[in-house]
Amino acid sequence: MISRDRDVTAGVVAEPEVASRTRPVLITGGAGFIGCNLAHRLLREGRRVILFDNLSRSGVEQNVRWLRDTHGDAVELCIGDVRDAEAVRRVVARAGQVFHFAAQVAVTTSLDDPAHDFTVNARGTLNVLEAIRTADYRPPLVFTSTNKVYGGLDDVSLVENAARYTPQSEAIASLGISEARRLDFHSPYGCSKGTADQYVLDYARSFGLKTAVFRMSCIYGPHQFGTEDQGWVAHFLIRAIDEQPLVLYGDGKQVRDILFVEDLVDAFVRAQKTIASIAGQAFNIGGGASRTISLLELLDLIADLHGQRPEVAFQNWRTGDQRYYVSDTAKFSAATGWRQTVSVEDGVRRLYDWLKESRTDVGRTRSTTRRRHVLVDPLSDDSTVLSTPGGAQ
Ligand SMILES: NC(=O)c1ccc[n+]([C@@H]2O[C@H](COP(=O)([O-])OP(=O)(O)OC[C@H]3O[C@@H](n4cnc5c(N)ncnc54)[C@H](O)[C@@H]3O)[C@@H](O)[C@H]2O)c1
């Protein structure tokens, strides 16, 4: 009889820890900003990595090319869609660990098409969970949720200063928002990611899967193709470099904690190493109270770096936009020893330098968040096409 906890690929029977280490790591959404940074780190450590991605985010082919050029055959691209349960089942069956990042990532686009948002984020995540639950070897899973599951935080009293909001409560100002905060899904994106977040936690409870949830605020760094819809730190820098004006929704005093992607990657690696003890738990992950910035303050920082501030127009607040959100990351730090290391100033400068070097004509013209149809693999002959995105909508 085949044990669920044993690796039986190619006739090799291995203990779960061995399987977790020797099988490839699967990253859904692996061609994206966060996925390719994690892949790079794992590949440098000698792991094999499968990127499962429908390449719907504009520009991400460049990330795959970069990984291929740097790491060769150790990285495998499977072009597929998380809405396609069979394609997901096939790729999960080969994995030693799973990071599930593939998503419809923007609040704005979730308002334009809530049904699309739901099928990718909620149904797609259920497909990943079901694939793991029914696999012979059940790989541990880390899922990326969002601070949007805590809603608008309208009950947090704020003081309005010249360039930022500050919480009246000293505890919130010094620690941030913890996981004890009640859930309050805002926007279709908040609802679909929140649904997925709860399923991921429940599959640990109901079926004993080794799963953990990262509720992340703003992540930034190299290989991010930020747009007005998502990835605001990169978007602001790109507009400055291209000498284009940008729109601030709201008054620009909203505050976020921002986390440099290398620190996040370190948190992912620690989460998989300690998955047995953290399974079934959600963690707030971000820059924390020592790494906060308002939109207006970022413009000042950009002016220092670039020599001039981008031209700005103001428009109304966007749905679900929190005036203040800062993650309290103490729970994850206590569980794994993780700490943020990169300061806001260093991180923004590193992203600015990377963007200046890497901006190409292709990058400049592709400014939308989503291309709906990928008809051919633009990368190479040896990518596996598992499904066409259009078919599963
Ligand atoms: N970047 C942030 O600040 C942030 C904050 C909170 C949560 N998150 C979450 O982290 C994850 C990664 O975000 P990112 O910033 O790297 O975004 P990204 O857009 O760069 O990466 C997402 C990847 O998923 C792929 N994808 C989209 N729909 C797909 C589908 N149906 N099937 C297969 N692949 C699909 C895209 O092509 C893209 O490569 C997402 O789940 C996002 O919701 C990101």
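The values are calculated or read from the model by the stated rules, or taken from the named source; none is laboratory data. No experiment lies behind these values; they were computed from the predicted model shown. Here Cβ is always computed from backbone atoms with ideal geometry, including for glycine, and neighbour counts include all displayed protein chains.
Would you confirm whether or not region 51-59 contains a residue that is in a helix (DSSP H, G or I) and touching a residue at least 24 places away in the same chain (Cβ under 8 Å)? The answer is no, given that none of the residues of region 51-59 is in a helix (DSSP H, G or I) and touching a residue at least 24 places away in the same chain (Cβ under 8 Å).
How many residues are part of a helix (DSSP H, G or I) and in contact with a Phe, Trp or Tyr (Cβ under 8 Å, 6 or more places away or on another chain) if we restrict to region 292-318? Lay out the reasoning, then the answer.
So in region 292-318, the residues part of a helix (DSSP H, G or I) come out as 295-306.
Checking the rest, the ones that are also in contact with a Phe, Trp or Tyr (Cβ under 8 Å, 6 or more places away or on another chain) come to 295, 298-299, 302, 305-306.
The total comes to 6.
Of the residues ARG205, ARG256, ARG215, which single one is in contact with a Gly (Cβ under 9 Å, 6 or more places away or on another chain), surrounded by fewer than 18 Cβ atoms within 10 Å (Cβ to Cβ) and not β-branched (Val, Ile, Thr)? Lay out the reasoning, then the answer.
Working: ARG256 fails: surrounded by fewer than 18 Cβ atoms within 10 Å (Cβ to Cβ); ARG215 fails: surrounded by fewer than 18 Cβ atoms within 10 Å (Cβ to Cβ).
The match here is ARG205.
Results for (1) away from the ligand (no atom under 11 Å from the Cβ); (2) touching a Leu at 6+ places or on another chain (Cβ under 6 Å); (3) more than 22 Å from THR319 (Cα to Cα); (4) charged (D, E, K, R), shown as yes or no for each residue.
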residue	(1), (2), (3), (4)
CYS191	yes, no, no, no
GLN198	yes, no, yes, no
PHE214	no, no, yes, no
ASP242	yes, no, yes, yes
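Can you name the number of the only condition in (1) under 30 Å from SER206 (Cα atoms); (2) in a strand (DSSP E or B); (3) over 18 Å from the mean Cα position of the chain (by Cα) that ASN284 fails? Condition (3) is where ASN284 drops out. Residues in region 127-157 that are crowded, with 19+ Cβ neighbours inside 10 Å, more than 18 Å from GLY320 (Cβ to Cβ) and in contact (Cβ under 8 Å) with a residue 60 or more places away in the chain: VAL128, LEU129, ILE132, TYR137, ARG138, PRO139, PRO140, LEU141, VAL142, PHE143. Within region 149-169, one or more residues are under 19 Å from the mean Cα position of the chain (by Cα) and within 14 Å of the ligand (Cβ to nearest atom).
In this structure, does ILE285 turn out to be touching a Ser or Thr at 6+ places or on another chain (Cβ under 8 Å), buried (at least 19 other Cβ atoms within 10 Å of the Cβ) and under 30 Å from PRO16 (Cβ atoms)?
Details: touching a Ser or Thr at 6+ places or on another chain (Cβ under 8 Å): yes; buried (at least 19 other Cβ atoms within 10 Å of the Cβ): yes; under 30 Å from PRO16 (Cβ atoms): yes.
Against the criterion (touching a Ser or Thr at 6+ places or on another chain (Cβ under 8 Å), buried (at least 19 other Cβ atoms within 10 Å of the Cβ) and under 30 Å from PRO16 (Cβ atoms)), ILE285 qualifies.
Take LEU77 and decide whether it is within 13 Å of the ligand (Cβ to nearest atom) and in a loop (DSSP other than H, G, I, E, B). In short, no. For region 60-87, residues that are under 22 Å from PHE225 (Cα atoms) and either buried (at least 20 other Cβ atoms within 10 Å of the Cβ) or touching a residue at least 40 places away in the same chain (Cβ under 8 Å) (or both) total 17. Exactly one residue out of ALA39, ALA31 is modelled with pLDDT of 95 or more, within 12 Å of the ligand (Cβ to nearest atom) and in a loop (DSSP other than H, G, I, E, B): that is ALA31.
Out of curiosity, is ARG94 part of a helix (DSSP H, G or I) and not β-branched (Val, Ile, Thr)? No, not satisfied. Of all residues in region 247-293, those satisfying the criterion of being among the basic types (Lys, Arg) and closer than 26 Å to GLN322 by Cα are LYS253, ARG256, ARG291. Where strands (runs of 3 or more DSSP E) fall wholly inside region 171-253, the ranges with 2 or more residues that are farther than 30 Å from LEU355 by Cα are 211-216.
Results for (1) more than 9 Å from the ligand (Cβ to nearest atom); (2) within 20 Å of the chain's Cα centre (by Cα); (3) in a strand (DSSP E or B), shown as yes or no for each residue.
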{"site": "GLY72", "(1), (2), (3)": "yes, no, no"}
{"site": "GLU86", "(1), (2), (3)": "yes, no, no"}
{"site": "VAL98", "(1), (2), (3)": "yes, yes, yes"}
{"site": "ALA102", "(1), (2), (3)": "no, yes, no"}
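Given (1) within 13 Å of the ligand (Cβ to nearest atom); (2) at pLDDT 95 or above; (3) assigned to a loop (DSSP other than H, G, I, E, B), identify the lone condition not met by ALA289. So ALA289 meets the others, but not (1).
Residue-wise test of (1) near the ligand (Cβ under 10 Å from one of its atoms); (2) among the aliphatic types (A, V, I, L, M).
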site	(1), (2)
ARG57	yes, no
VAL60	yes, yes
VAL82	yes, yes
ARG89	no, no
VAL92	no, yes
VAL105	yes, yes
ARG133	no, no
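Taking the criterion of being more than 18 Å from ARG256 (Cβ to Cβ), touching a residue at least 24 places away in the same chain (Cβ under 8 Å) and either in contact with a strand residue (DSSP E or B) (Cβ under 7 Å, 6 or more places away or on another chain) or not in a loop (DSSP other than H, G, I, E, B) (or both), the residues of region 333-342 that qualify are ALA335, THR336.
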